[in-house]
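To start, the structure itself, in structure tokens.
The values are calculated or read from the model by the stated rules, or taken from the named source; none is laboratory data. Predicted model, so just to flag it, every value in this text is computed and none were measured. Glycine gets a Cβ as well: all are built from the backbone with ideal geometry, and neighbour counts include every protein chain shown. Protein only, heavy atoms only, side chains kept; ligands, DNA and RNA dropped before computing areas. Shrake-Rupley method; radii C 1.70, N 1.55, O 1.52, S 1.80 Å.
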Amino acid sequence: MTLKIISAEDILFEGEVKAVHLPGAMGAFTVLPHHASLVSTLVAGKLRYEAADGQSHTVDITGGIADVDNDTVAVCVY
């Protein structure tokens, strides 16, 4: 599964991941490979992802939007 984390200034991350944990407006949720398509607003919190090599990474966000479709998670953060 591909994760793209994008801010207004830069592409923060783009690569293959095993899982993405997001702070959704209606509660935290996890996206795994082959997840159903969805769009969600995000609130302030920690976006966490597990890279293909198994390492876990965290990005602090103040909000944003997540779009999941065709094994791609596109996250626009601010």
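Data for the structure
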| item | result |
| --- | --- |
| Total residues in the stretch 1-33, condition part of a loop (DSSP other than H, G, I, E, B), under 11 Å from residue 77 (Cβ atoms) and of a type in the set (A, V, I, L, M, F, W, C) | 1 |
| Hits in the stretch 46-65 (condition: touching a Lys or Arg at 6+ places or on another chain (Cβ under 7 Å) and modelled with pLDDT under 95) | 52 |
| Residues of the stretch 1-28 satisfying the condition of being free of Cβ contacts under 8 Å to residues at least 40 places away in the same chain, closer than 16 Å to residue 58 by Cβ and open to solvent by less than 90 Å² (accessible area, probe 1.4 Å) | 15, 19, 21, 23 |
